[in-house]
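Read the structure below first, then the notes.
The values are calculated or read from the model by the stated rules, or taken from the named source; none is laboratory data. Predicted model only: the values in this text are computed from it and were never measured. When we count neighbours, we look across all protein chains shown, and the Cβ atoms used for this are built from the backbone with ideal geometry, even at glycine.
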Amino acid sequence: VKRDLLEDITAQLSLGERTSAEELRTVLSTFSKTLLFLDGYKQGNQIFDETLGKFLSERGSCRVVVTSCLGDCPTLRGTLGEEAVLKLQMQSAKY
């Protein structure tokens, strides 16, 4: 299922019909410091990528932590900015 950023947050938090995407956007925009976790991000959902970019550009400042991103993800790098991306990689232990 291809969802935008706010639909995905609403679904993952099980907000359902209690909170609309617009209400969620208002709440997230109210606070000056926001930390957004993207766990298991996969490039290719154009709708999600576009709404993520729009959300971040409207915010002015927002910290984003991406975990389990497969591959290089140039779309995400373009959205966040090349200088804003720090890639951490765990080396697998050799026994």
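Considering only residues that are of a type in the set (Lys, Arg) and out of contact with any strand residue (DSSP E or B) (no Cβ under 8 Å at 6 or more places or on another chain), look in segment 53-83 and name the one that is modelled with the highest pLDDT.
Per the stated criteria, the residue is Lys54.
Quick one: is Leu24 touching a residue at least 12 places away in the same chain (Cβ under 8 Å), of a type in the set (A, V, I, L, M, F, W, C) and either touching a helix residue (DSSP H, G or I) at 6+ places or on another chain (Cβ under 9 Å) or more than 17 Å from Leu86 (Cα to Cα) (or both)? Yes: the conditions hold for Leu24.
Counting only residues that are of a type in the set (A, V, I, L, M, F, W, C) and at pLDDT 85 or above, which one in segment 1-10 is surrounded by the most Cβ atoms within 10 Å (Cβ to Cβ)? The residue in question is Leu5. The number of residues in segment 11-42 being surrounded by 10 or more Cβ atoms within 10 Å (Cβ to Cβ), more than 18 Å from Leu56 (Cα to Cα) and of a type in the set (Asp, Glu) comes to 0. With respect to Phe55, determine if the residue is in contact (Cβ under 8 Å) with a residue 24 or more places away in the chain and touching a helix residue (DSSP H, G or I) at 6+ places or on another chain (Cβ under 7 Å). Answer is yes for this residue. Pairs meeting the criteria (first residue in segment 1-20 and under 18 Å from Leu38 (Cβ atoms), second residue assigned to a loop (DSSP other than H, G, I, E, B), beta carbons under 7 Å, at least 6 apart or on different chains) are Lys2/Asn45; Thr10/Thr19; Ala11/Arg3. Of the residues Glu50, Glu58, the single one that is closer than 15 Å to Gly78 by Cβ and more than 10 Å from the chain's Cα centre (by Cα) is Glu50. Filtering segment 10-35 to residues that are touching a Lys or Arg at 6+ places or on another chain (Cβ under 9 Å) and part of a helix (DSSP H, G or I) leaves Thr10, Ala11, Leu28, Ser29.
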